[in-house]
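The values are calculated or read from the model by the stated rules, or taken from the named source; none is laboratory data. All values reported here derive from a predicted model rather than from experimental measurement. Every residue, glycine among them, receives a Cβ derived from its backbone with ideal geometry; neighbour counts consider all protein chains shown. Surface accessibility is based on the protein's heavy atoms, side chains included, excluding ligands, DNA and RNA. Shrake-Rupley method; radii C 1.70, N 1.55, O 1.52, S 1.80 Å.
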Amino acid sequence: MSVSGTLLHAGSLTFMASCFKGFWIFNNTNESVNVLISRWTGGSANWYPIQASSNDAWKRSGQEMVVFRSQDGSRTAGYYVNSGTKWCKINFSGFEKDPEFIPDVDG
């Protein structure tokens with residue numbers, strides 16, 4: 001287990017600090033990625049595409065898992081995130097680095 005900024009790594013999963021109201025995910029890559037947000041606090045656990053240089057948002061109100069998957073399914077990255085009353089912005093910049101995590105964003 002190692003700590004990197006607001007990220008806590010444990011095996012293949014990464015634990016992120018708390019965020020609030022829901023998740024606002026920005027795909028800052030030049031390829032489409034699929035995103036799944038678990039449904040532990042409601043919603044759907046389907047995979048949704050986010051086009052290159054685009055963003056999407058999911059409302060959630062507690063601990064969830066955020067998973068990124070390449071279009072061909074060959075690469076994945078998973079993160080546990082705790083949400084509450086404001087938006088958590090997650091900047092995804094590729095599978096070779098951790099996303100930037102910005103809690104407490106007004107939407």
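Among the protein heavy atoms, those of S53 account for about 100 Å² of accessible surface (1.4 Å probe, every chain in place).
Modelled spin labels at D56 and K86, positioned 7 Å past Cα toward Cβ, are 2.6 nm from each other.
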